[in-house]
Amino acid sequence: MSSSFSTSKLKAMYQLALGNAKNLTHYVLLDMEKKGEVDMKDMFGRFTMDNIASCAFGVNCNSFTDPNSTFATNAAKLFSTERAAIMRLINDLALPECIKSRLPDPLAEPSQFFADVVTRTIRSRDNSTHSAPDFLQLLMDTKDKEGNRVLSTSSIISQSVLFLFVGYDTTASLLTFAGYCLATHPEVQERVQEEVDAALSRHGDLTYAALQEMSYLDRVMSETLRLYPPATRLERESTKEYTLPGTDVHLPIGTVVQISVLSIHRDPEYYPDPLRFDPDRFLPEEKERRHPCAYLPFGSGPRNCLAMRFALFEAKVALAELMRQMTLKPTACTPSPPMPLDKMAFLLTPAGRKMPLISVPRSSAK
Ligand code: HEM
């Protein structure tokens with residue numbers, strides 16, 4: 001599966017992501033005109049939903065024009081449910097019908113919706129020569145030596161739903177906090193805009209190659225993920241007896257260990273003055289000085305985030321396109337950094353669950 005996120009696959013998805021980023025910019029400016037401020041959490045949520053819909057399901061979701069589209073409504077039903085139930089849903093989708101039909105399924109409606117979307121798309125693509133640059137196609141094109149499809153339709157459905165579940169809120173959270181950090185650090189935002197403008201002058205447009213040159217924007221995203229990691233903790237289970245070095249803390253087999261990513265990321269031992277937003281902490285020489293496990297937004301080891309490259313890529317497209325067209329500013333009510341957090345949310349969420357900001361069109365927009 002990790003090959004689904006290779007450079008060539010990301011390049012193929014570039015136009016999908018760029019189209020969704022252009023929509024985002026258009027609707028942010030429109031909302032600003034209407035309301036005098038924009039809830040960027042909502043806007044980034046719509047962008048991420050559209051992008052997952054097009055990249056994972058081959059569906060045009062249009063959540064900017066139609067927030068109540070059937071795709072968005074069914075996705076909302078999934079997200080309003082307990083995490084454990086969702087994980088069960090993903091497993092259930094791969095189970096044979098005779099077992100599945102005996103299980104009570106509170107998520108029958110959304111699960112059937114996504115199963116239908118994927119099944120219909122597979123069928124229509126099977127009956128045509130049309131090939132799309134999305135995950136669904138990649139899953140369909142995974143073949144054995146004899147040229148037979150490796151994944152069954154139910155496996156493809158469960159993979160697509162998994163991508164939606166783990167890829168939507170996380171990327172939207174990164175973008176929301178990045179928007180906040182840019183708005184509250186005008187000197188950083190200006191530097192990003194200069195970098196975007198310079199890349200545009202060299203490449204003529206926001207191409208995949210232009211995006212690759214934006215190293216400062218990379219650092220801004222890394223620093224955002226340090227201060228505001230969407231997944232604030234990781235879990236592991238010990239598979240052998242272990243005593244924590246230098247302590248008498250003994251972990252028997254089967255112990256569930258929780259790792260607080262947020263605490264590590266805000267530990268002054270690794271990041272002096274930890275609440276200060278400073279993208280240059282991620283200059284190559286600074287990164288080299290730190291322990292690799294001092295930075296864990298995408299986890300670590302063999303079970304780390306499968307789609308890290310895709311997540312950073314889509315977030316970068318969205319931010320570069322926004323910075324090309326506008327400047328973000330705090331409203332009178334935007335809290336000073338660091339952003340207060342919602343203590344009840346499963347993934348890192350701003351207190352109040354909104355991120356109202358002001359967007360000012362750039363007179364120099366290229
Ligand atoms: C900024 C956005 C994202 C963040 C911060 C993030 C973070 C994470 C984290 C912390 C894990 C657990 C890693 C571990 O336990 O070591 C994970 C797993 C995973 N993520 Fe992401 N993720 C993001 C976006 C995405 C997207 C967009 C997708 C799919 C399109 C995705 C697919 C997955 C999958 C499939 C796993 C499970 C891997 C496994 O269990 O082997 N993630 N992610």
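Just a few scattered comments:
- Dipole axis of the chain (+1 Lys, Arg; -1 Asp, Glu on Cβ), positive-most option in Ala210, Pro268, Pro110: Pro110
- Under the convention that each Lys and Arg Cβ holds +1 and each Asp and Glu Cβ holds -1, the size of the dipole of the range 106-259 around its Cα centre is about 480 debye.
- Within straight-line cross-link reach of Lys240, aspartates and glutamates at Cα separation under 19 Å, skipping those fewer than 8 residues along the same chain: Asp248
- Proximal lysines relative to Lys34, as straight alpha-carbon distance under 26 Å, when same-chain residues fewer than 8 apart are discounted: Lys22, Lys329, Lys354, Lys366
- Amide hydrogen neighbours beyond the local backbone of Arg233, cut-off 5 Å, H modeled: Val261
- Cα shape, the range 119-221, gyration tensor, a/c 1.5 rule: prolate
- Charged side chains reduced to their Cβ positions (Lys and Arg at +1, Asp and Glu at -1) give the chain a dipole of some 400 debye around its Cα centre.
- The shape of the chain comes out oblate: with a ≥ b ≥ c from the C-alpha gyration tensor, a/c is at least 1.5 while a/b does not beat b/c.
- The 3J(HN,Hα) values that the Karplus relation (6.51, -1.76, 1.60; θ = phi - 60°) gives for the range 10-18 are, in residue order, 5, 4, 5, 8, 4, 5, 4, 5, 5 Hz. Gly and Pro appear as x.
- Under-5 Å amide H pairs with Leu341, H placed in peptide plane, nonlocal only: Ala351
- When only alpha carbons are used to place a centre, the range 258-306 and the range 33-84 end up 30 Å from one another.
- Calculated [222 nm] ellipticity per residue, helices only, for the chain: -17000 deg cm²/dmol; basis is -39500 (n - 2.57) per DSSP H run with n ≥ 4, divided by all residues, nearest 500.
- Each of Leu164, Ser201, His130 was scored by the projection of its Cα onto the charge dipole of the chain, and the greatest displacement toward the positive side belongs to His130; charges sit on the C-beta of Lys, Arg, Asp and Glu.
- Residue ranges 278-289, 169-180, 189-200 sort as 169-180, 189-200, 278-289 when ordered by packing (mean number of other C-beta atoms within 10 Å per residue, highest first).
- About its Cα centre, the dipole of the range 191-321 is roughly 360 debye, where the only charges are +1 on Lys and Arg Cβ and -1 on Asp and Glu Cβ.
- Length-normalised contact order for the chain - Cα pairs under 8 Å, 6+ apart - percent: 23
- Highest mean packing first, where packing is the average number of other Cβ atoms within 10 Å per residue, the peptides 312-320, 341-349 line up as 312-320, 341-349.
- Distances between placed amide hydrogens fall under 5 Å for Met326 paired with Arg362, all partners being 5 or more residues away or on another chain.
- Global form of the range 141-287, assessed from the alpha-carbon gyration tensor, a/c cut-off 1.5: oblate
Laboratory data are not the source of any read-out in this text; all were calculated from the coordinates shown. Since the model is a prediction, treat every value here as computed from it, not as a measurement. Every residue, glycine as well, gets a Cβ built from its backbone with ideal geometry; the counts of neighbours run over all protein chains shown.
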